[in-house]
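Derivation of every value follows stated rules applied to the coordinates shown; laboratory data play no part. Just so it is clear, the structure is predicted and the values come from calculations on it, not from any experiment. Cβ: placed from backbone, ideal geometry, glycine included. Neighbour counts: every protein chain shown.
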């Protein structure tokens, strides 16, 4: 288990840059979030954001899918864009690189009858 100790300053009133930078002592081995909460996490950083930097910001976040999981930082590195203009922009790019496990049960349709 790794811990990060931040300086003793007013960290309560400062915005968080990413999941790993909030508070004074943090266990940042991994944040585990459901796929439907990813937008909340993407809103934690400032934009525009280069792909490499965004991937580094979220390298400790694991996305939980309907059937599996993936590292958010690794998914971001697979995106086509070099720079993300907003959290929505990054979210859209992530939808293009999500594995099949992210969208539900493999082999199931969306209601074709």
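Here is how the numbers come out for the structure above:
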| read-out | value |
| --- | --- |
| Rounded to 5, percent antiparallel among DSSP beta bridges of segment 30-103 | 60 percent |
| Per-residue Cβ neighbour rank within 10 angstrom, fewest leading, 32, 81, 44 | 32, 81, 44 |
| Likely footprinting exposure, 61, 41, 97, 52, fewest C-beta neighbours within 10 Å first | 52, 97, 41, 61 |
